[in-house]
1. On a full-extension model of 0.36 nm per residue, what is the gain between GLU40 and ARG9, subtracting their alpha-carbon distance, rounded to one decimal in nm?
2. Would you calculate the separation in nanometres between label points at LEU248 and ASN216, each defined as 7 Å from the Cα along the Cα-to-beta-carbon direction?
3. Do me a favour and compute the ellipsoid semi-axes for the range 103-146 from its Cα gyration tensor, root of five times each eigenvalue, largest one first, whole Å.
4. So how do VAL104, VAL214 rank on accessible area, 1.4 Å probe, biggest first, that is with the largest at the start?
5. Which ³J(HN,Hα) values, rounded to whole Hz and listed in residue order, are derived for the range 51-59 from phi using the Karplus coefficients 6.51, -1.76 and 1.60 in 6.51 cos²θ - 1.76 cosθ + 1.60 with θ = phi - 60°, glycine and proline given as x?
6. Going 7 Å from the Cα of ALA255 toward and past its Cβ, which residues in the range 218-232 have a backbone nitrogen under 11 Å from where you end up?
7. What lysines does LYS154 reach when the alpha-carbon gap must be under 26 Å and sequence neighbours fewer than 8 apart in one chain are set aside?
8. Length gain on complete extension for the stretch VAL226 to LYS205, per 0.36 nm per residue less the alpha carbon to alpha carbon distance?
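The values are calculated or read from the model by the stated rules, or taken from the named source; none is laboratory data. Keep in mind that what you see is a predicted model, and the values were worked out from it rather than measured. Here the Cβ positions follow ideal geometry from the backbone for every residue, glycine too, while neighbour counts run over all protein chains shown. The protein model used for the area step is the full one, side chains on, heavy atoms only, and it has no ligands, DNA or RNA in it. Shrake-Rupley method; radii C 1.70, N 1.55, O 1.52, S 1.80 Å.
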Amino acid sequence: MFLDFYGLREQPFGVTPDPRYLYLGPGHREALASLYYGIEANRGFLSLIARPGMGKTTLLFHLLAKFDRTARTAFLFQTQCSSREFMRFLLAEIGIETESQDFVRMHEQFNRCLVQEARAGKRFIVVIDEAQNLDPTVLETVRLLSDFETPQAKLLQIILVGQPGLADKLASPSLVQLRQRITSVSGLSPLSVEEVGRFIEHRMKVAGYSGTPVFNPEALELIAQVSEGIPRQINNYCFHALSLGCALRKKTVDAGMIHEVVRDLDISRFVSEVATPRRMMSTSTANSDPFSPVEELSERGRGYVDSVLPANGDPKDSLSPAEAIEHMRDVARLLHNWRGNGERQTA
């Protein structure tokens, strides 16, 4: 582990949503302020929608920490469920164990809990993460929860959190009643190059680092480019870069090291080449292309045919498995090189 090598107390680029490591760039700060105000103003339904890896869960943990003493909170992750299962998950999250399958009874139990918290002067906040996975019937159940209210105030604040698919689902005509009740929609945008540098510096500092920057400007610029400004991606590249730096005994991470990390994390290296020909153009189109490998494939194919049917006319039974695999690999490589040459010529 690289902690001692870089003088760190703990892992700065972990995968858990630790609120201490939340970097409040302009976009995250605006979303946090919008959600906080919505809860303070008892607006009922709020939403947070962003791409995967943008730090939604970390932001929400930070938000709920602000209401730790003044609100009862529930954080639901199990979103691939029926309405009845959803209610059981919700009750379990607030400490009410029930074996009842009666939907009305579960509603009554939840309502009693809301009233108790309201009498104690506390808000009740329910966060539903990965809400894009909720079935429309379950979303309708969620909408009905908002009916728990008094003439003076809402008893329940609900935050729907999810990926862009949540917006698509809420736009459905069948969910118009739910959509009309959502009073605030917040989003998170990718970090800029400058924000990526401050994001990394912030996390290193929280982890106990003090000293000159570990990542040089070229490395930071490259991280911003390959990560697309997505915090989860930034964390991943930085973790592996520090691991590599420790192995190489280098205190400074440069662009060359980031390039190596990018290569190591490139999953396309493991994509099967055999599937490549299926994505190719038709033979007639290929023959009209100056980079077409058809003629070369034909020549190579004849070589393999000759190995099966020699000139003396005594055929072999078949290609061996090893010969067949090698032939397919040759085909895939030729087609891959042809496609690459064509793209370069077009550029």
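1. So the chain would gain 7.5 nm between GLU40 and ARG9.
2. 1.0
3. 23, 14, 7
4. Details: VAL104 95, VAL214 5 Å².
Of VAL104, VAL214, the descending order of accessible area is VAL104, VAL214.
5. Taking θ as phi minus 60°, the curve returns 5, x, x, 7, x, 4, 5, 4, 4 Hz for the range 51-59.
6. The answer is 218-223.
7. Leaving aside lysines fewer than 8 places away in the same chain, those within reach of LYS154 are LYS56, LYS66, LYS122, LYS169.
8. Additional length available on full extension: 5.2 nm.
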